[in-house]
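Each remark here refers to the structure printed beneath this line.
The values are calculated or read from the model by the stated rules, or taken from the named source; none is laboratory data. It should be emphasised that the depicted structure is a prediction, and the values quoted were computed from it without experimental measurement. All Cβ positions, even for glycine, are placed from backbone atoms using ideal geometry, and neighbour counts span all protein chains on display. These accessible areas exclude ligands, DNA and RNA; they are computed on the full protein's heavy atoms, side chains included. Shrake-Rupley method; radii C 1.70, N 1.55, O 1.52, S 1.80 Å.
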Amino acid sequence: MEHDDDLQALARIARVVAAARDAMLAEVRPGITTGELDAVGRDVLRAASARSAPRLAYRFPGWTCISVNDEAAHGVPSLTRHLREGDLVNVDVSAELDGYWADTGASAPVGRVSPERSRLVEATRAAQQDAMAAACAGRPLRHIGRAVERRARRSGFRVVADLCGHGVGRHIHEEPSVPGVEDRRDRTVLWEGLVLAIEPFLSTGATSVVEADDGWTLRTPDGSVTAQFEHTVVITQGAPLVLTAPAA
């Protein structure tokens, strides 16, 4: 990101996707369908004249991605898929406005969940915060993955290594890839102005995913439950600028 105008434009779309994410999370409850949640996100995007990134870039059959339990990512919204008490649901919202793209996501319990699932959500949220704390100009990109791995180990969970964060800003998926595990061979150094979507995925057991029969949904091969948190950030000399933070 080179100019203040870029930052202002990126901040606009980041606020939109954050608003859609939070509006969707506010409606999470037993009985609601993932299709109904998707409509909530759709309405926020439409009101801002933003375009759904997965629809625009990949012709995804939904405005947002909504994944439940062992579905780690890219879950397809459905008006026949009802959330149930005890589920974990993830909403992932990305969109484009005026040529700028932003991406965010969060996991939430549906009603009362098991202690393990509650701990998974909190550990993943903490891993995302740790990852952002490791992301500053001049530091190795691999330290982001190291921070995630350390939190996962301390919490008794595992990192889904197949799924990575990424550059974002002028398209939904840009370089560099941002793994949730440390690759000591990676010599990439973060630089000021770099825009990243930082999104660790933790699970109760699996470290990989497989594609479901719908051709979109990525789920764990052993039924392990997953959680994800994601923010679009701008790298600075200090703490990153978090563009998709909840509204104050």
Wholly inside segment 1-100, helices (runs of 4 or more DSSP H) that include 2 or more residues that are within 24 Å of Val209 (Cα to Cα) are 34-47, 53-58
Residue by residue through segment 155-209, note down the ones that are acidic (Asp, Glu), more than 20 Å from Pro221 (Cβ to Cβ) and open to solvent by 40 Å² or more (accessible area, probe 1.4 Å). Glu174, Glu175, Asp183, Glu192
The condition of being among the hydrophobic types (A, V, I, L, M, F, W, C) and over 15 Å from the mean Cα position of the chain (by Cα) holds, among Val113, Val68, Val89, only for Val113
Out of all the residues in segment 27-41, is one or more surrounded by fewer than 17 Cβ atoms within 10 Å (Cβ to Cβ) and touching an Asp or Glu at 6+ places or on another chain (Cβ under 7 Å)? yes
Filtered residues of segment 71-92 (kept if closer than 19 Å to Val113 by Cβ and touching a helix residue (DSSP H, G or I) at 6+ places or on another chain (Cβ under 6 Å)): Arg81, Leu88, Val91
Here are some residues: Val113, Val148. Which one is surrounded by fewer than 19 Cβ atoms within 10 Å (Cβ to Cβ) and modelled with pLDDT of 95 or more? Val113
Could you list all residues from segment 52-64 that are surrounded by fewer than 19 Cβ atoms within 10 Å (Cβ to Cβ) and more than 13 Å from Ser78 (Cα to Cα)? Arg55, Leu56, Ala57, Tyr58, Arg59
Mind checking whether some residue in segment 186-197 is within 14 Å of Ala72 (Cβ to Cβ) and either touching a residue at least 60 places away in the same chain (Cβ under 8 Å) or touching an Asp or Glu at 6+ places or on another chain (Cβ under 9 Å) (or both)? no
With out of contact with any Cys (no Cβ under 7 Å at 6 or more places or on another chain), of a type outside the set (Phe, Trp, Tyr) and within 13 Å of Glu71 (Cβ to Cβ) as the only criterion, which of Thr232, Thr226, Thr204 stands out? Thr226
